[in-house]
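The values are calculated or read from the model by the stated rules, or taken from the named source; none is laboratory data. Just so we're clear, the structure is a prediction, and the values are computed from it rather than from any experiment. Methodologically, a virtual Cβ is constructed for each residue, glycine included, from the backbone with ideal geometry; neighbour enumeration extends over all protein chains shown.
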Amino acid sequence: MLLRNVPKEVLLADGKKYYMVNNYTYSFKYGTEQGYQWRCTSSSGCNAFIVMNGRNQLLRVSGTHAHDPPKYHVVKDGRYVQIET
Ligand SMILES: [Zn+2]
């Protein structure tokens, strides 16, 4: 079953690719038989993650963020730069 949320692809200025769901961003962790797991990009030890299938459709959102969503600004070429807080 697919979740209705569509992960938004976010390209960072340094070339990394994240996906954004509900303003939180996720970086690739690993692929499993169930799909591709992407974990929260927070450095605060957050264990929230999402699972997407090979077509970048959202299968699962797991965990709770005990922190605010990261803030980004978008630079000229459409890439994202995280604003340090
Ligand atoms: Zn988090």
(message) Would you confirm whether or not region 9-20 contains a residue that is in a strand (DSSP E or B), within 11 Å of the ligand (Cβ to nearest atom) and under 11 Å from the mean Cα position of the chain (by Cα)?
(response) no
(request) List every residue pair whose Cβ atoms lie under 8 Å apart, where the two residues are 6 or more positions apart in sequence or sit on different chains, the first residue falls within region 53-80 and is within 25 Å of L2 (Cα to Cα), and the second residue, located anywhere, is among the acidic types (D, E). (result) N56/E9
(request) Report the residue count in region 23-45 for those that are within 20 Å of V81 (Cβ to Cβ) and surrounded by 12 or more Cβ atoms within 10 Å (Cβ to Cβ). (result) 10
(message) I need the full set of residues from region 46-70 which are basic (K, R) and surrounded by 12 or more Cβ atoms within 10 Å (Cβ to Cβ), in order please.
(response) R60
(message) Looking at region 51-74, can you tell me whether even one residue there is assigned to a strand (DSSP E or B) and touching a Ser or Thr at 6+ places or on another chain (Cβ under 6 Å)?
(response) no
(message) Condition first: of a type in the set (S, T, N, Q) and either more than 8 Å from the chain's Cα centre (by Cα) or part of a strand (DSSP E or B) (or both). Now tell me which residues in region 22-41 satisfy that.
(response) N22, N23, T25, S27, T32, Q34, Q37
(message) With the structure loaded, tell me whether R39 is modelled with pLDDT under 95 and of a type in the set (D, E, K, R) or whether it fails that test.
(response) no
(request) Tell me which of these A66 doesn't satisfy, since it passes every other one: (1) under 15 Å from the mean Cα position of the chain (by Cα); (2) within 13 Å of the ligand (Cβ to nearest atom). (result) (1)
